[in-house]
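Student: My questions all concern the structure below.
The values are calculated or read from the model by the stated rules, or taken from the named source; none is laboratory data. Note that the structure is a prediction, hence the values are computed from the model and not measured. Don't worry about glycine lacking a Cβ; one is built from the backbone with ideal geometry, like all the others, and counts go over all protein chains shown. Just so you know, the surface numbers come from the protein's heavy atoms only, side chains and all, with ligands and any DNA or RNA stripped out. Shrake-Rupley method; radii C 1.70, N 1.55, O 1.52, S 1.80 Å.
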Amino acid sequence: TLQSVLQPTAASMVATATTTAHAEADTMPNALVALGEVFRTGTAPLDAATPWVVAVWVIGVGTMLLRLLAGFVWLRRARRNARQQVPEWWQSRLRALCARMGLGDRVRMLISDDEDGPLSAGIFRPMVIVPAALLTRMPVEWLEALLAHELAHIRRHDYLVNLLQTLVESLLFYHPAVWWLSHRIRIERELIADDIAANALGEPRRLALALSALDRYASAHRT
């Protein structure tokens, strides 16, 4: 941006200075010509560095996009390995939660053998993937609270928003303010999902206990 702004200015100043110097050679000092030359040569380092700057930016963007692609591959694998058959009792509870939160019956619930989750994903066909270990180890009321939290993300289209946010991070990876702002947005997103889930359940304490239990579970299974 600096280069594109300075170059036209420098060229016009050099042209003006040269014309004035020829027209009024006897009365006009050469200071303006010298000033224009300074502006013109001042952009030379930018011209020389531009290919390297662009190359570094392309490498950085490519690395960030590969990171995003790895996330897609991981999610695809998790969805493929997840079991489609969920106990009808859990399906009915999920449908009741969806109706309470205004989501209809378009959300699917999958059970995964992986220990990551629960998590929500998908734009047109949203789903909630729940680790099988949580189904057996966590009380029903707590797991229902975690499902409400994930449904809150689906209700707010957070999967799509997070995808767009990640693309912005990829393009502006070099800017510290982007990472700070993105971190704050993710924190606020989780707090909003907690608030929506607590209102849907009518029991904020149950959600707090469920999140605390999930944190202990994640700490025990983190790799």
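Student: Identify all residues within segment 164-195 that are part of a helix (DSSP H, G or I), free of Cβ contacts under 8 Å to residues at least 24 places away in the same chain, open to solvent by less than 80 Å² (accessible area, probe 1.4 Å) and under 14 Å from MET64 (Cβ atoms); write none if there are none.
Tutor: Result: GLN165, VAL168, VAL178, SER182.
Student: When segment 94-152 is examined, which residues are found to be part of a loop (DSSP other than H, G, I, E, B), modelled with pLDDT of 85 or more and surrounded by 14 or more Cβ atoms within 10 Å (Cβ to Cβ)?
Tutor: MET101, LEU103, VAL107, PRO118, GLY122, PRO126, MET138
Student: Within segment 199-218, can one find any residue that is open to solvent by less than 50 Å² (accessible area, probe 1.4 Å), part of a helix (DSSP H, G or I), modelled with pLDDT under 90 and hydroxyl-bearing (Ser, Thr, Tyr)?
Tutor: Yes, that holds for at least one residue.
Student: Then there is this: Of all residues in segment 78-93, which are in a helix (DSSP H, G or I) and loosely packed, with under 12 Cβ neighbours inside 10 Å?
Tutor: Result: ARG80, GLU88, TRP89, SER92.
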